[in-house]
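Asks: Provided herewith is a single structure, encoded as structure tokens, for subsequent inquiry.
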Amino acid sequence: MDQIVVYRLTEDGKLVTHRETDLPPGSGPRHLVFHPTRPYVFVANELNNTVAVFGYNERNGELTLLQSLSTLPPGIIDVENTAADIRITPCGRYVYVSNRGHDSIVLYHVDQGSGKLKAVEWVETFGSTPRNFNILSGYLVVANQDGNNIVSFAIHDEDGRLTRTGYVLKVPSPVCIEPVR
């Protein structure tokens, strides 16, 4: 529906629509993450392969579009791709988005003052269809659904870049990485 809907929980426990934010037709917002300390929201748009950055007013739930940029490297237009998952590091300096089709994870640096993103690198996931991934204690762990594997990468503290650890777990059609606490 190319829209982000903010709901409010009423005193009697019902969810009611509070605010709606329209995105460009064909965006297909799939997942979003909140910056851990600043008023920004980052949205992975599945259908048009973009990530959108919004300013967020916590008091009224209003989202204001600040930026939209591709999840694919410059010049890549012929690959059949859908953006899948999005994560932000606990420090709030790095955002990652997975690309199904291009089979990559893109790293963005977050400008802490404006919330805007700068694409830094695209890393091969060493599997097919990276549907989901998560950040676990300094590692990024990717579930490659059609690659039948889970691959881990170390996250460099100083710049957020990913280095393959060499550890690969063979698993049939993994679709979700969720930490157990």
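The values are calculated or read from the model by the stated rules, or taken from the named source; none is laboratory data. These figures come from a predicted structure and were not determined experimentally. Counting neighbours? That spans all protein chains shown, and the Cβs are built from the backbone with ideal geometry, glycine included. To get the accessible areas, we keep the full protein, side chains included, count just its heavy atoms, and leave off ligands, DNA and RNA. Shrake-Rupley method; radii C 1.70, N 1.55, O 1.52, S 1.80 Å.
Asks: Answer yes or no: is there a residue in the stretch 46-65 that is touching a Ser or Thr at 6+ places or on another chain (Cβ under 7 Å) and of a type in the set (S, T, Y).
Replies: yes
Asks: So L136 ticks every box in (1) farther than 22 Å from P24 by Cα; (2) aliphatic (A, V, I, L, M); (3) free of Cβ contacts under 8 Å to residues at least 12 places away in the same chain but one. Which box is left unticked?
Replies: For L136, the exception is condition (3).
Asks: Still on this structure, please answer the following. When G55 is evaluated against the numbered criteria (1) outside any strand (DSSP E or B); (2) closer than 30 Å to L9 by Cβ, which criterion, by number, is the only one it fails?
Replies: (1)
Asks: Mind checking which residues of the stretch 154-167 are open to solvent by 60 Å² or more (accessible area, probe 1.4 Å) and in a strand (DSSP E or B)?
Replies: The answer is T163, R164, Y167.
Asks: Pick from V151, V175: which is touching a residue at least 24 places away in the same chain (Cβ under 8 Å), more than 19 Å from V43 (Cα to Cα) and surrounded by 21 or more Cβ atoms within 10 Å (Cβ to Cβ)?
Replies: Exactly one residue qualifies, and that residue is V151.
Asks: Further, regarding this structure: Would you point out the residue of the stretch 121-148, among those that are open to solvent by 40 Å² or more (accessible area, probe 1.4 Å) and either among the charged types (D, E, K, R) or out of contact with any strand residue (DSSP E or B) (no Cβ under 7 Å at 6 or more places or on another chain) (or both), that is modelled with the lowest pLDDT?
Replies: For the stretch 121-148, the residue satisfying everything is S137.
Asks: Go through E62, E80 for me and flag whichever is under 19 Å from I105 (Cβ atoms), acidic (D, E) and either in contact (Cβ under 8 Å) with a residue 60 or more places away in the chain or open to solvent by 50 Å² or more (accessible area, probe 1.4 Å) (or both).
Replies: E80
Asks: Something else about it: Which ones in the stretch 51-79 are in contact with a His (Cβ under 9 Å, 6 or more places away or on another chain) and either farther than 14 Å from G115 by Cβ or basic (K, R) (or both)?
Replies: N60, G61, T71, L72, P73, I76, V79
Asks: If you don't mind, another one. List, please: which pairs have Cβ atoms under 7 Å, are six or more places apart or on different chains, and start with a residue in the stretch 104-121 that is assigned to a loop (DSSP other than H, G, I, E, B) and end with one that is hydroxyl-bearing (S, T, Y)?
Replies: Pairs found: G115/Y40.
Asks: While we're on this one: Suppose we filter R19, R87, R30 for residues that are more than 18 Å from the chain's Cα centre (by Cα), of a type in the set (D, E, K, R) and in a strand (DSSP E or B); which single one remains?
Replies: Among R19, R87, R30, only R19 is more than 18 Å from the chain's Cα centre (by Cα), of a type in the set (D, E, K, R) and in a strand (DSSP E or B).
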